[in-house]
Amino acid sequence: QVQLVESGGGLVQAGGSLRLSCAASGRTFSAYNMGWFRQAPGKEREFVAAISWNGGSTLYAESVKGRFTCSRDNAKNTVYLQMISLKPEDTAVYYCSAGRTMVVFTTTGGYNYWGQGTQVTVSS
């Protein structure tokens, strides 16, 4: 079992930055690939970024490449999403997820555990 708690969301102006954190419980955090997804009102949950269990591989959605950076600290059981140059279209609830799979997934089906989400609002 893995429990995930996101933090760091908030209201920011376009062009601003935020860093989301996701703290995980359990002793096997380092065995899990971690993903970030987001969901805007009336839209499907979409992939944002993912990082492999050892941090050696990262994947990003095209819409956030060059602006978002996903990292992890296994000693702290925490994964991060650094977001810069934020745009109004980045407004959504951001979810952290964990999956123990051989490959890093960009779809929700690859993840077994989810946090409760943190709201990010970017004003124009």
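The values are calculated or read from the model by the stated rules, or taken from the named source; none is laboratory data. Here the structure is a predicted model, which means the values were calculated and not measured. Cβ placement follows ideal geometry from the backbone for every residue including glycine, while neighbour counts extend to all protein chains displayed. With ligands, DNA and RNA removed, areas are computed over all heavy atoms of the protein, side chains included. Shrake-Rupley method; radii C 1.70, N 1.55, O 1.52, S 1.80 Å.
Quick look at the numbers
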quantity	calculated
Filter result for Val64 (open to solvent by 50 Å² or more (accessible area, probe 1.4 Å) and either aromatic (Phe, Trp, Tyr) or in a loop (DSSP other than H, G, I, E, B) (or both))	no
First in the stretch 96-124 and open to solvent by less than 20 Å² (accessible area, probe 1.4 Å), second anywhere and part of a helix (DSSP H, G or I), Cβ under 8 Å, 6 or more apart	Ser97/Thr108; Ala98/Phe29; Gly99/Gly110; Val120/Asp90; Val122/Pro88; Val122/Glu89; Val122/Asp90
Among (1) in contact with a strand residue (DSSP E or B) (Cβ under 9 Å, 6 or more places away or on another chain); (2) outside any strand (DSSP E or B), the one test that Glu44 misses	(1)
Answer residue from the stretch 1-46, given it is in contact with a Gly (Cβ under 7 Å, 6 or more places away or on another chain) and among the hydrophobic types (A, V, I, L, M, F, W, C) and is farthest from Thr78 (Cα to Cα) among those	Leu18
Selected residue (criterion: modelled with the lowest pLDDT) from residues of the stretch 1-48 that are over 12 Å from the mean Cα position of the chain (by Cα), aliphatic (A, V, I, L, M) and open to solvent by less than 20 Å² (accessible area, probe 1.4 Å)	Val2
Selected residue [assigned to a loop (DSSP other than H, G, I, E, B), within 12 Å of the chain's Cα centre (by Cα) and of a type outside the set (A, V, I, L, M, F, W, C)] from Thr106, Thr69, Thr101	Thr106
Cross-chain or 6+ apart pairs with Cβ under 7 Å, the stretch 14-27 first and in contact (Cβ under 8 Å) with a residue 60 or more places away in the chain and closer than 11 Å to Leu86 by Cβ, then among the basic types (Lys, Arg) and part of a loop (DSSP other than H, G, I, E, B)	Ala14/Lys87
Residue check, Ile51 open to solvent by 50 Å² or more (accessible area, probe 1.4 Å), modelled with pLDDT of 95 or more and within 17 Å of Ser21 (Cα to Cα)	no
All positions within the stretch 67-95 that are hydroxyl-bearing (Ser, Thr, Tyr), open to solvent by 50 Å² or more (accessible area, probe 1.4 Å) and in contact (Cβ under 8 Å) with a residue 24 or more places away in the chain	Ser85
Total residues in the stretch 81-109, condition of a type in the set (Ser, Thr, Tyr), out of contact with any Phe, Trp or Tyr (no Cβ under 7 Å at 6 or more places or on another chain) and within 17 Å of Gln119 (Cβ to Cβ)	1
